[in-house]
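Structure first, then comments.
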Amino acid sequence: MSDLSEKDIEIFIEAIGDYFKQITKESASVGVAYLAKNAFPMNDYTGVITVSADYEGALYFSAPSAMLRHLLTAMKETNQSDENLLDAVGEIANTISGNARKYFGENMVISIPEKIAYLPDNLNELVRPYAYVIIIKWKHYSASLIVDISRKR
Amino acid sequence: MSSKSTLNKYLGIIFAVSLFLVFNLAVLGLNFYTSSTLHNDAVSINLSGRQRMLSQRTTKVLLTMQVDAAQGKLDPKNTAELKKVSSLFDTTLNGFKSGGTVVGGDERPVYLEKVSDGVAKHSVDEALRIWQPYKQLLVPVINSTYIDDIRLDMATDYAREHNLKLLKLMNDLTTQLEKNTKTKARNLQLIQTIAMVLSLLLFANIVFNALRKLRSADGEIEKAQRETTEILNTVKEGLILLDPQLSVGSQFSSSVSKILQHEITANMPFMPVLEQLVSAEIYASAKDYIELLFGNKVKESLMLSLNPLTEVKVQTKNDTTPRYLSFQFNRVVEEKRVLHLLVTVQDVTEQVTQAEELSKLKGQSSINLELLKKLLQVDTFQLRQFLNNAQTGLDALNVILANADKRAANQGELANQCFRIIHAIKGEAAAIGLEAIETQAHQFEENLVSLRKKTSWDAQEILSLPVMLSAMLDQIRQIETIVNVIQEYRQVNSSAYKPPTISTSVSNNLKRLAEQVCQNQNKNVELKLNLDLLDRMETKTAHQLQQIAIQLIRNGIYHGIETPSIRLAKGKSAHGEILISALMNPEGAIDFIVRDDGQGIVPSRIRTSMIASGRYSNEIVSQLSDKEIVGKLFEPGFSTADNPDKDAGRGVGMDLVQSLINEIGGDLKIDTKADVFTQFAFRLSKHAKPSINLNATEAVV
């Protein structure tokens, strides 16, 4: 098996679901996953983790600022500066990498999350011909999880 | 070895020894008995000999008393002597007659057995006959206190007359007794000799068996030792036994010196050899590890993963390139004490380098040789057409996935759309022989089956769809790359290369498909094609017609054409026939016809299958008209196949045919007659509603 399996992708999705459930006591719902190579549904703030070792590529979690503000409010955080919103998206990316580390073990080396505001919707240098796109819905907000990870051949 | 098996092993010897002991005890008993009888016989012989003497002494005393009486003397000593000897003679003789205690030679009482032998008995009886009157004559002589010449003379005369006779009788008795004893002794001797011989034989048997056992045991040990030596000489692995002082044991495999590149001898210390081989760091941890193994505190299985000497890199002065050695240590335990460590050394250089090469190879994109072979056989133009179609189809499928959440549309219908896309790809892949894609599509369909029944999708549940979609797109991309290379190569090498016409490639594809489905379903079908008109159509339309033909061939073979045996029973030829033609009518319109000579579409049979499938109740089925029943064939998910396989059973084929005809624009007409034929025909136009004629005649065509 040279590519990501269904189970591998599920790990990332579950990590986000767990995060929302734990922080807000309200589960996030997941949309039907599809493939894309451009025009990704990017939102205001994006957390990125890159992977190496047996894998290559990156994982993006992109959320609109309104969603992050709501999330901070739910966490009783009053400071809703851009910086804090970036931190929040980075925190979610961090949770995903934590879960992934547990599951993939030493086969996947995962970077510290990078936090980017207003990432363009066309990503340069995808490692996969098509990346997986999964829309995560929480309350009435939509965030996106983009998995562009491939097992090295 | 258990005590029970030891007992079994020596059972023979134990039995023989017991028998020997019992036998010897019996011989001893016999000896005892013999000596006691011989003792009795000796007493008898001795006493009968004394009788001879007593008879003579009696006579002698009598004669002495007669001479004394002539001189007027009476010696009381003689009287006493006469009394004593005659009484002794008398009791002894009676003892011989009927047995009893008599005075023995040493004046002590002994038991005298009565004689049993005929001759001896006769002698005793005769002697008693003479003795009784003699004894009567002696009594007055013994009892007289004065010289009684008359009685003395009477006794003396009797003695003179019978003395010799009596002597002879006693002599006979003695001789006979001696003879008897001799015979008895001889018999006993014979028995004893036999017993001795038997006893010796038994003993010899024990000795022989014991020796044989010992020799075979020695032989086994010798054989085991020889085998051990042979094993140690031939085994490829280096085998060494280490004692707790870490010295090499007396036996080790001959290959060990070669593997370690060091002369190994018995009792030499092992650690210095290891120290020369490996780095100081590995040596230190190996030393700890070996000591830990002798410590017996940690389980061997746990220790395995700690072994620092696995695939360890070594390079001795004799090695031109580095080698890899693996050392394995196993405890030799006796009574919970580690006696030795069995060290197995293997040269794993080949495995390690092979693994390294393999992992290097893994980095390169591997090309499936089977796939490549197939691709070289298929016309690249057609292949490209297929790849384009597949890519378009899969892109459309991806759009369905991407929009699945956005639409309020029935997701069940989305599943059917996905099904049609995948089914078309599957059919075409099968037709051009791309088995890998056919299999992928078939698996995809399997994932869609459960989805079709649901009105809404659980995103996580259908995560397999984008994953499979990704895999199929990947496969198509790979094939595209290869096709590009092939096409480039062909263009460079043969400018004269002409791709086959569409009608030829479609015909080839359909023939290949029919062959494959026939093989799967164990049926025989001859495909008759007349598709030249395809070359005059738009490529897209020709391709759509191919797709329709693919589905109808599959259905025709699976559902229509009967097995050879059924066909023969119906009076048909064993070979079924499927005719596919594109014909132009006088008005210039094109009719596309697919006709098979199978069992026809029979509403009653469809009804039976519907009820048997358990998905339809008797009531619903009976309410439907025959046309409605046949119309069911076009409903997505409807199938009368018992076991869905690659060829049929998903209920997609006719749905796809209908949707393709809708795309082309046409009017499907089905003519069928039970057990005779089924014909699908449509004129390429803008209308699309199937019209069904269940009572067609051959004239229709």
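The values are calculated or read from the model by the stated rules, or taken from the named source; none is laboratory data. If you're wondering where the values come from, they're calculated on a predicted model, not measured in any experiment. When we count neighbours, we look across all protein chains shown, and the Cβ atoms used for this are built from the backbone with ideal geometry, even at glycine. Surface areas here come from the heavy atoms of the whole protein model, side chains and all, with no ligands, DNA or RNA. Shrake-Rupley method; radii C 1.70, N 1.55, O 1.52, S 1.80 Å.
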Proximal lysines to A:Lys76, defined as alpha-carbon separation beneath 23 angstrom and excluding residues fewer than eight positions away on the same chain: A:Lys21, A:Lys25, A:Lys115, A:Lys137, A:Lys139
FRET efficiency estimate (nearest 0.05) - Cβ-Cβ, B:Thr321 to B:Lys511, R0 60 angstrom: 0.60
Mean separation of Cα contacts under 8 Å, 6 or more apart, over the residue count of chain B: relative contact order %: 7
Residues B:Asn40 and B:Gln328, FRET efficiency given R0 of 60 Å [Cβ-Cβ distance, rounded to 0.05]: 0.10
Residues of type lysines that B:Lys317 reaches as a straight line, Cα spacing below 21 Å, ignoring anything fewer than 8 places off in the same chain: B:Lys258
Summed buried accessible area for A+B [probe radius 1.4 Å, Å², rounded to 100]: 1900
Helix-derived mean residue ellipticity, 222 nm - over chain B, DSSP H n ≥ 4, -39500 (n - 2.57), to 500: -21000 deg cm²/dmol
Semi-axis lengths, Å, region B:371-522, gyration tensor of Cα atoms, sqrt of 5 times eigenvalues: 32, 18, 12
Equivalent ellipsoid, region B:40-154 (semi-axes from 5 times Cα gyration tensor eigenvalues, Å): 29, 15, 10
For residues of A:24-34, the mean tally of beta carbons on other chains within 10 Å: 5
Rg and Dmax [Cα atoms of chain B; Å; Rg one decimal, Dmax integer]: 61.8, 195
Kirkwood hydrodynamic radius (C-alpha pairs) into Stokes-Einstein, region B:238-352, 4 °C and 1.567 mPa s, D in µm²/s: 90
Of the DSSP H helices in chain B, those whose Cα atoms cover at least 27 Å axially and whose Kyte score averages -0.5 or more: B:11-70, B:118-143, B:149-234, B:380-403, B:411-432, B:464-493
B:Leu11 paired with B:Glu107, simple spin-label distance in nm, labels 7 Å along Cα-to-beta-carbon: 6.7
Where Rh is the Kirkwood radius over Cα pairs, Rg/Rh for region A:5-127: 0.95
Longest to shortest principal axis, alpha-carbon extents of region B:503-700, angstrom: 49, 36, 33
Principal-axis tilt of helix A:6-24 within chain A, Cα atoms, nearest 10 degrees: 10
Label-point separation in nm, B:Gln136 to B:Lys406, each point 7 Å along Cα→Cβ: 16.6
Distance between region B:213-257 and region A:75-153 - C-alpha centres, whole angstrom: 64
Two-decimal Rg to Rh for region B:158-307 - Kirkwood Rh, Cα set: 1.72
The protein assembly as shown: Cα Rg divided by the 2.2 N^0.38 Å rule of thumb: 2.11
Label-point separation, B:Glu663 to B:Ser581 (7 Å along Cα→Cβ), nm: 2.7
Proximal aspartates and glutamates to B:Lys179, defined as alpha-carbon separation beneath 17 angstrom and excluding residues fewer than eight positions away on the same chain: B:Asp41, B:Glu113, B:Asp117
Heavy-atom surface of region B:9-207, accessible at 1.4 Å and reported per residue (Å²): 58
In region B:454-523, trypsin sites (Lys or Arg not before Pro) in a DSSP loop with at most 15 other beta-carbon atoms within 10 Å: B:Lys454
Filter on A:Lys152/B:Lys540; B:Lys511/B:Lys572; B:Lys426/B:Lys454; B:Lys540/B:Lys673 - keep pairs with C-alpha separation over 28 Å: A:Lys152/B:Lys540; B:Lys540/B:Lys673
10 Å-binned pair-distance histogram of region B:9-207 (Cα, whole percent): 8, 28, 22, 15, 10, 8, 5, 3, 1, 0
Region B:30-111: trypsin sites (Lys or Arg not before Pro) in DSSP coil with no more than 14 other Cβ atoms inside 10 Å: B:Lys73
